[in-house]
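Reading through the structure tokens given below for one structure.
Nothing in this text is a laboratory measurement; each read-out follows from the coordinates by a stated rule. Quick caveat: nothing in here was measured; it's all calculated off a predicted structure. As a convention, Cβ positions derive from the backbone with ideal geometry for all residues, glycine included, and neighbour counts pool all protein chains shown.
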Amino acid sequence: MRILNLLKIAYKAIVLNKLRTLLTMLGIIIGVASVIAMLAIGEGSKESIRSTISSMGSNMITIRPGEDVRGGVRQDASAMESLTLDDYYAIKEKAELLTYVSPLVDGGGQVINGSNNWPSTIYGVNPEYLDIKVVGLQSGSMFTDPEVKSASKVAVIGQTVVDNIFSDGTDPVGQMIRFNNIPFMVIGVLEEKGENTFGQDQDDVVIAPYTTVQKRILAIDHLNQIIASSISEEDAPNAVGEVTEILRAQHKLSATEDDDFYVRSMEELISTFSSTSEMLTILLVAVAGISLLIGGIGIMNIMYVSVKERTKEIGLRMAVGGKGSDILMQFLIEAILISITGGVLGVILGLGATVFIEKFLHWPTSVALYSIIISFAVCAVTGIFFGWYPARKASVLDPITALRYE
Amino acid sequence: MSKEIIKIQDLKRDFTMGTETVHALKGISCTINEGEFVTIMGSSGSGKSTMLNILGCLDQPTSGTYEIDGVKVKDLSRNELATIRNEKIGFIFQSYNLLARTSAIENVELPLLYNSKVSTEERRERAIKALEMVGLADRLHHTPSQLSGGQQQRVAIARSLVNNPVMILADEATGNLDTRTSYEIMSLFQELNKQGITITFVTHEPDIATFSSRTIVLKDGNIIQDYLNDNIQSAAEELAKLPKEDH
């Protein structure tokens with residue numbers, strides 16, 4: 001029997017029972033719609049995390065000293081002095097996958113301007129810092145390499161610092177401030193960036209040449225971090241490998257020794273944070289999946305009733321030459337048609353719900369193509385799975401008994 | 001001598017009901033030739049239905065042989081039986097068995113749907129032709145609920161004709177109809193028989209048998225009578241004799 005004929009018969013059976021079919025489909029429709037909407041919410045939150053992290057510089061690679069054991073005492077990573085300027089020079093010279101590299105030393109302290117003071121953090125970096133962090137200046141200029149070399153007492157400050165110590169509205173550029181009693185000349189103000197994903201105020205910073213911070217504020221000659229950016233986001237994992245190789249050689253580590261430093265790309269950070277939202281997504285999808293399952297059981301139920309109700313019809317079809325396989329296919333296709341139509345309507349409803357959530361609840365959403373494909377495939381499988389048993393039951397009916405069935 | 005459509009020999013059919021074995025057919029033999037109009041008569045429990053099921057390839061005999069149009073039916077699988085039913089037999093039932101809410105033409109097309117050799121266009125053409133043969137050319141798109149009992153049975157007859165079967169098998173085809181309508185249907189059967197179609201008609205009404213060319217009487221699983229009817233009544237004439245109804 002040709003498939004087209006089967007489709008016609010199934011279509012007819014569905015059309016003859018519009019309301020019943022629609023009610024049956026409802027389970028599938030709601031199931032699919034919720035799977036799509038839930039995945040869209042999950043994807044949306046993942047993407048919003050990704051984009052916030054990207055705004056911090058998605059190519060960024062951070063190198064920190066690792067913990068170590070000294071004289072039997074395990075040391076905290078922050079107490080380590082294993083990252084040095086030589087490491088920075090080595091990376092700058094040898095790494096091919098990096099575009100910008102900057103040393104980083106940081107320390108907390110009080111920023112003072114006249115009678116105003118404000119607790120903030122000073123970051124000692126080189127001019128490439130702006131490119132690595134993808135941040136610009138709203139006024140003034142960045143310090144230059146010669147100023148780094150000469151350990152000039154110049155600083156670029158963030159908006160939060162400006163708001164707190166220049167509350168009277170004077171233009172900070174050209175003004176003198178003090179950080180831990182060391183005077184700095186403000187030469188620029190950073191663009192406002194707001195809080196990052198982790199609630200950290202990115203505008204609450206004072207940026208100065210690393211040489212200045214090392215010598216005049218912290219009195220150290222090691223580095224707290226080295227930050228860099230890879231050529232592209234895709235290169236980040238390779239760049240991490242490259243930096244690791246360079247530093248291992250630099251620190252003269254033998255093959256059996258562990259790294260005494262950490263190299264992290266933003267990519268890793270993204271995946272760490274995504275995994276939380278992924279868990280939530282899985283949970284939501286599981287709930288939605290259960291409703292899809294219940295929808296499938298609804299189909300099975302209605303197909304059972306349908307087979308029972310149409311026993312006589314089945315007998316007749318067999319009498320006029322319908323084979324068991326024809327009957328099986330007829331009911332199976334009917335079930336699949338119901339579930340796939342339900343799937344299509346569910347996708348439409350799901351997309352509608354997603355738009356609604358985005359528009360009225362202002363949650364970030366993103367519909368992934370795979371969610372549509374998956375829920376659609378699940379639908380078809382549901383149809384086959386739950387349609388099979390009733391269809392099989394119909395196909396093995398004895399035509400004589402079926403014909404006499406009242 | 002004309003072609004043998006049906007040939008059964010020593011046909012037995014036993015049913016096991018719990019511990020008891022019921023011998024529904026106890027070894028019957030007969031031959032039906034092309035162009036015959038046979039009525040199979042018998043009271044209930046005579047084995048008439050069992051015989052009909054076997055003739056219709058819906059059931060298999062316990063022993064004995066059955067040949068339809070030269071094909072030995074014994075040992076055929078379910079699917080092969082379905083194909084034989086599809087290509088060689090036209091069924092007509094007491095309760096018409098039309099698909100509800102489905103137009104006459106679609107009902108008639110049904111057997112051809114299960115025959116992949118027939119194209120969509122040919123299927124429609126043949127269905128229209130069959131409906132013309134039973135006088136329902138103007139009712140193609142009516143559903144069963146819009147048709148009278150007699151018209152519904154005509155649709156069923158058209159359905160049985162559409163696959164050009166070697167034999168039409170009717171099971172109490174007039175059982176649900178009033179006298180007038182059953183005579184109309186019988187006259188249609190006689191007309192079809194005149195065109196050379198072999199008809200086997202199972203009934204328990206003796207007056208129906210008078211319209212056929214041969215009668216086989218079953219009792220308790222045996223053939224007790226098998227005679228040619230030398231005085232065939234014309235259903236059309238009988239119909240004319242009936243008192244006119246007020247419309």
With an 8 Å cut-off on Cα pairs and a minimum separation of 6 or more residues, tell me the relative contact order of chain B in percent. 26 percent
I need to check one value: relative contact order of the stretch A:83-259, counting alpha carbon pairs closer than 8 Å and at least 6 residues apart, in percent. 33 percent
How crowded by other chains is A:9-21, given as the mean number of beta carbons from other chains within 10 Å of each beta carbon? 1
If one builds a Gaussian network model of chain A from Cα atoms under 10 Å apart, the most fluctuating residue listed among A:ARG310, A:ARG50, A:ARG64 is A:ARG310
If you rank B:GLU106, A:GLU47, B:GLU4 by fewest surrounding Cβ atoms within 10 Å, what's the result? B:GLU4, A:GLU47, B:GLU106
Partner chain Cβ atoms within 10 Å, averaged over the residues of B:107-119 - can you pull that number for me? 4
Grab the DSSP H runs of the protein assembly as shown that are 4 residues or longer, score each as -39,500 (n - 2.57), total them, divide by all residues and round the 222 nm result to the nearest 500 deg cm²/dmol. -15000 deg cm²/dmol
Antiparallel DSSP bridges in the stretch B:4-241: what percent, to the nearest 5? 55 percent
How many percent of Cα pairs in chain A exceed 27 Å? 65 percent
What percentages make up the Cα-Cα pair-distance distribution of the stretch B:77-125 when the bins are 10 Å wide from 0? 23, 49, 27, 1
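So if each residue of separation counts as 0.36 nm, and I subtract the Cα-Cα distance between B:TYR227 and B:ARG101, what length gain in nm does that give?
Net length gain for the segment: 41.1 nm.
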Residues A:GLU81 and A:LYS359, FRET efficiency given R0 of 60 Å [Cβ-Cβ distance, rounded to 0.05]: 0.65
For peptide A:305-314, how many partner chain Cβ atoms fall within 10 Å of a residue's Cβ, on average? 1
For chain A, what is the relative contact order in percent, using Cα pairs closer than 8 Å and at least 6 residues apart in sequence? 29 percent
A correct fewest-to-most ranking of A:SER277, A:SER167, B:SER182 by other Cβ atoms within 10 Å would be A:SER167, A:SER277, B:SER182
Please work out the Cα center distance from the stretch B:5-26 to the stretch A:286-301, rounded to the nearest Å. 48 Å
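Can you compute the FRET efficiency between A:LEU351 and A:LEU19 using 1/(1 + (r/R0)^6), with r the Cβ-Cβ distance and R0 = 25 Å? Round to the nearest 0.05.
Calculated value: 0.50.
When B:PHE93, A:PHE356 are ordered from fewest to most other Cβ atoms inside 10 Å of their Cβ, what list results?
So the residues, fewest neighbours to most, are A:PHE356, B:PHE93.
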Among A:GLY109, A:GLY158, A:GLY321, which one shows the biggest mean-square fluctuation in a GNM of chain A, springs joining Cα atoms closer than 10 Å? A:GLY321
Enter the Cα centre distance for the pair the stretch B:65-135 and the stretch A:313-375, rounded to the nearest angstrom. 33 Å
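For the stretch B:4-241, what does the alpha-carbon gyration tensor say about shape, rounded, prolate or oblate, given a ≥ b ≥ c as the root eigenvalues, a/c under 1.5 as rounded, and a/b over b/c as prolate?
oblate
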Three-way shape label, the stretch A:83-259, alpha-carbon gyration tensor, a/c 1.5: prolate
List every residue whose amide H lies under 5 Å from the amide H of B:ILE40, counting only residues 5 or more places away in sequence or on a different chain, with H placed 1.01 Å from N in the peptide plane. B:PHE201, B:VAL202, B:THR203, B:ILE216
Name the residue, out of A:HIS251, A:HIS222, A:HIS362, whose mean-square fluctuation peaks in a Gaussian network model built on chain A with Cα pairs under 10 Å. A:HIS362
